[in-house]
Amino acid sequence: MALSVMLCACLAGCKQPPGPRYVPDEAAAARGRAAIERVGCGACHAIPGIGWPRGRTGPSLDGFRDIGLIAGALPNTPANLAAFVRNAPRVKPGSTMPAMPLSEEESRDVAAYLYGLDDE
Amino acid sequence: MWRHIFMVSTMNSSTTDVFDAWWGWPPPVLDPAGPYADNVVVLAWALFAMGVIVTGIVVVALYVAIRGPARWKAKLGGERLVWIGGVAFPGVVLTCLLVWGLWLTSSLTQPMPDGAMRVRVTGYMWWFDVEYLGPDGDVIMRDANELHIPVGQPVVVELQSEDVIHSFWVPNLSGKEDMIPGRTNELVIEADRPGRFGGVCAEYCGGPHALMGFVAVAHEQADWAAWLAGRSMTPPAIAEQDVPGTVPALRPAAAADAADDAAIAANGRTLFMESGCAACHRVAGTEANGIAGPDLTHVGSRLTLGAGILPNNRGTMIGWIGDSQSIKPGNRMPSYDMLSADELTAIAIWLEQQR
């Protein structure tokens, strides 16, 4: 009895693990991949799933959902990521990455693709 | 039927980007967009059909020879069948195909049409120099990796090479033809519908040969005239357009953030001249007069960068200048990794304005 009370107390003390930062959306990710190829993100970034180009001017985008800050500046949320890929200088003044020719919807799709990339 | 399905699907997907020029269904090589490519595709289908028929006959004969009744086997091994099926049939069929094929493709080797628009395309490792020629054969405009033509009009392409053998191939518009150092080959292309048609170098030319691309753009006659007029052949006087250190004239496409960009572009221009870019690249109307690399006079309005391989936007321009070697390994432009991010951006913004 005492044991089970203690166990319950322990369990109650544990927080739920944080929920996933994104909801997988394969259709959006597929559209995002097409947009990535259309605007040529690979010219500066190595992106898993994009065979060529794998540019080195910017950082690799491997495992984006596990990154702490976007470009070392913004909390890593899908909304921030979408805003960043669409118009980086607006959300991070001084960013080397320029505004890209993406619609708002496309930028959300690109974020969906990048979040789908797992480190493992 | 298939083409219809394809057209509907491409109309729904809102992408009208340049890479449609290479991809999609049917593949460009089976999707002729002009009379010269038409003949090549008809011939290809005829040869494919003959191949299927002959393969079918061989497979049936093989089956009969192994499993067939003895009487059929005897016939198959008889002298008569060898004479008919082994000599007469291929002799007649191949002769007919040869005569028909030569007749069909004779238009590809006919004398060049008089008074046709002429363009000189010169192969370099690993890009294409494009010169539009006037009636007297003088160069009226230079560009690179991109050719704009009017629909419904044959265009003579003079093919040359500055280094090794390349081959010019825009599958939608014609067959391929070699570009050979020291001689000029001529090829006629014609588009019967407007569109963007991808091209490639079709002869292995070393290193990044597979990344040596090209785009042909066919315009309706009226659009073609407008396009030509938009590209003034006479370079603006230096005093008018670009004096080092002053703000260059802005063109309409650079609308957003224009005020910022103008100041940055002036800096980009100075950097372009002082970082070595001008030694290899020409920009008409400026002191940049290098000829080792592609002419950048109109680079801001081009569809692609890096010789038909990257879409053209500020991001890809920065990436190309900053580290083109990671994108097209072995290409003759060094990675400008000694430039800061601000400097790369400034050069990209100035180049964007060269339309």
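The values are calculated or read from the model by the stated rules, or taken from the named source; none is laboratory data. Fair warning: this is a prediction, and the values are worked out from it, not measured in the lab. Positions of Cβ are backbone-derived with ideal geometry, glycine not excepted, and every protein chain shown enters the neighbour counts.
Within segment B:135-154, count every residue that is at pLDDT 90 or above, farther than 21 Å from B:G293 by Cα and part of a loop (DSSP other than H, G, I, E, B).
Residues that pass the stated criteria total 4.
Can you list the helices (runs of 4 or more DSSP H) found entirely within segment B:268-355 that contain at least 2 residues being in contact (Cβ under 8 Å) with a residue 24 or more places away in the chain, among the β-branched types (V, I, T) and not assigned by TED's automatic domain parsing to the domain that holds B:W22?
On the way: elements: B:277-280, B:314-327, B:341-352.
Output list reads B:314-327, B:341-352.
Residue-by-condition table, conditions (1) assigned by TED's automatic domain parsing to the domain that holds B:V139; (2) within 30 Å of A:P93 (Cβ to Cβ); (3) at pLDDT below 95:
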| residue | (1), (2), (3) |
| --- | --- |
| B:N172 | yes, no, yes |
| B:G182 | yes, no, no |
| B:N185 | yes, no, yes |
| B:I189 | yes, no, yes |
| B:T246 | no, yes, yes |
| B:L250 | no, yes, yes |
| B:A254 | no, yes, yes |
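Is there any pair linking a residue in segment A:36-59 that is under 12 Å from B:L310 (Cβ atoms) to one that is among the basic types (K, R) and part of a loop (DSSP other than H, G, I, E, B), with Cβ under 7 Å and at least six apart or on different chains, and which?
Cβ pairs passing all conditions: A:G42/A:R54.
Just need a number here: residues in segment A:58-85 that are crowded, with 21+ Cβ neighbours inside 10 Å, more than 11 Å from chain B (Cβ to nearest Cβ) and part of a helix (DSSP H, G or I).
4
How about segment B:311-355: which of its residues are under 25 Å from B:M125 (Cα atoms), within 8 Å of chain A (Cβ to nearest Cβ) and of a type in the set (A, V, I, L, M)?
Once the filter is applied, which keeps residues that are under 25 Å from B:M125 (Cα atoms), within 8 Å of chain A (Cβ to nearest Cβ) and of a type in the set (A, V, I, L, M), segment B:311-355 yields B:I318, B:I327, B:L344, B:A348.
Inside segment B:171-190, can you point out the residues that are closer than 16 Å to B:Y132 by Cβ and surrounded by 23 or more Cβ atoms within 10 Å (Cβ to Cβ)?
Hits for segment B:171-190 are B:L187, B:I189.
Give the number of residues within segment A:23-57 that are facing chain B (nearest Cβ under 7 Å) and closer than 19 Å to B:N331 by Cβ.
8
Filter segment B:282-310 for residues that are more than 14 Å from B:I347 (Cα to Cα) and of a type in the set (A, V, I, L, M); which is nearest to the other protein chains (Cβ to nearest Cβ)?
B:L310
If you check B:P26, B:P90, B:P32, which single one turns out to be modelled with pLDDT of 90 or more, in the same structural domain as B:V217 (by TED's automatic domain parsing) and not in a helix (DSSP H, G or I)?
On the way: B:P26 fails: modelled with pLDDT of 90 or more; B:P90 fails: not in a helix (DSSP H, G or I).
Going through B:P26, B:P90, B:P32 in turn, the sole match is B:P32.
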